[in-house]
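One structure below.
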Amino acid sequence: MNRNRISVLLFLFLAGVVLEAHAQVNGKSLAEKLGFARDAKLLIVHADDVGVTHSVNAATIKALDTGLVNSASIMVPCPWFPEIADFAKAHPDLDFGLHLTLTSERVYYRWGPVASRDKVPSLVDENGYFHHDWTAATKINPKEVELELRAQIDRAYAMGIRPTHLDSHQYRLYENGKDLMEVILRLAHEYKLPVFVARDWFVGRPYLESTLTPADIVLDHTVTISPEVPPEKWADFYKTALKTLQPGVTEFVIHVAFADEEMKAATRERDTWGAAWRQRDFDFFTSPGFRQLLQEQNIKLVTWRELARAVDQ
């Protein structure tokens, strides 16, 4: 090997070292962009399904008031949306996102699209409600999805909400291929709102990562309880999740409500994500024990509003 080639190789090697070092210095993690150490444990405690019933609204408002639940997202098509829209308008400092909704999963308690039904026929059943579920036989038109989601976002703004982020009811927009993921990202970029996406989801769903841009916020982890956890182990599940929380930004997706007559009636056909489930979530995440665990584990609460501001800087 001649001297000139050695010099070139040495130059390329040193340049690579410099570029790698530069990337390490400037490629800040979300935690660092928020002003924390790279190994900090940061948590968003996020209440889903706000607007679905008065009970969910009341419990969410009370939970947010404790400061322990610090984020939530609103279902615009649902019957109790006007109540929570009025509250969100009066409390613009709170972290309210939009829980973009394309299904109506309950048997006796239903809702339908914000857009005119004749413009989104693939999204509704024979009675004009959103489908209970999406199966292989359900042919969803991505153009109609975009039209409906835009209608939901525009109605939220028209009612005085200034959302901090977007996410997807039942994760429908993340779990049904690249086409729908592109829809939510296109709208997010247009309205300049971050979308809830976590690195945990990339395994098995390569289209998620491939559709994101360098400007998109990606959380490090997410935690949500599953139907397999028995009621008597509810608190144990969350305690373990907190004690084993990984560094970075994690979102706990929770569902709060009071187990009152309204909530029992709305969810009476099955227990999953029903009245008792939501009461257990409310009880744990508003408890002194949860506050103490945050302190003991040195976990700091952050919001979507803070994330958006930090990334924009």
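Being β-branched (V, I, T), outside any helix (DSSP H, G or I) and surrounded by 14 or more Cβ atoms within 10 Å (Cβ to Cβ) narrows it down to one residue among I140, I153; which is it?
I140
Go over the candidates F96, F87 one by one and state the one that is more than 18 Å from the chain's Cα centre (by Cα) and among the aromatic types (F, W, Y).
On the way: F96 fails: more than 18 Å from the chain's Cα centre (by Cα).
F87 is the lone residue from the list that is more than 18 Å from the chain's Cα centre (by Cα) and among the aromatic types (F, W, Y).
Checking D216 against (1) without any contact (Cβ under 8 Å) to a residue 60 or more places away in the chain; (2) farther than 20 Å from W304 by Cα: exactly one of these is not met. Which one?
(2)
Condition (residue is within 30 Å of N176 (Cβ to Cβ), of a type in the set (S, T, N, Q) and at pLDDT below 95) applied to the stretch 23-32: is it met by at least one residue?
Yes: one or more hits.
Looking only at the stretch 113-137, count how many residues are among the aromatic types (F, W, Y) and either more than 18 Å from Q170 (Cα to Cα) or buried (at least 19 other Cβ atoms within 10 Å of the Cβ) (or both). Working first, answer last.
Here is the first cut: in the stretch 113-137, the residues among the aromatic types (F, W, Y) are 129-130, 134.
Retained after the next criterion (residues that are either more than 18 Å from Q170 (Cα to Cα) or buried (at least 19 other Cβ atoms within 10 Å of the Cβ) (or both)): 130.
Counting residues in the stretch 113-137 that are among the aromatic types (F, W, Y) and either more than 18 Å from Q170 (Cα to Cα) or buried (at least 19 other Cβ atoms within 10 Å of the Cβ) (or both) gives 1.
Taking the stretch 48-106 on its own, how many of its residues are over 22 Å from E306 (Cα atoms), surrounded by fewer than 22 Cβ atoms within 10 Å (Cβ to Cβ) and among the aliphatic types (A, V, I, L, M)?
Adding up the residues that qualify gives 1.
Can you run down the residue pairs with Cβ atoms below 6 Å, 6 or more apart or on separate chains, where the first is in the stretch 68-87 and modelled with pLDDT under 95 and the partner is buried (at least 20 other Cβ atoms within 10 Å of the Cβ) and of a type in the set (S, T, N, Q)?
Final answer for the pair search is none.
Could you say which residue among I217, I184 is in a helix (DSSP H, G or I), among the β-branched types (V, I, T) and touching a strand residue (DSSP E or B) at 6+ places or on another chain (Cβ under 8 Å)?
So the residue among I217, I184 that is in a helix (DSSP H, G or I), among the β-branched types (V, I, T) and touching a strand residue (DSSP E or B) at 6+ places or on another chain (Cβ under 8 Å) is I184.
Looking at the stretch 265-283, can you tell me whether even one residue there is on the phi > 0 side of the Ramachandran plot and not aromatic (F, W, Y)?
No.
The values are calculated or read from the model by the stated rules, or taken from the named source; none is laboratory data. Remember, predicted model here, so these are calculated numbers, not experimental data. When we count neighbours, we look across all protein chains shown, and the Cβ atoms used for this are built from the backbone with ideal geometry, even at glycine.
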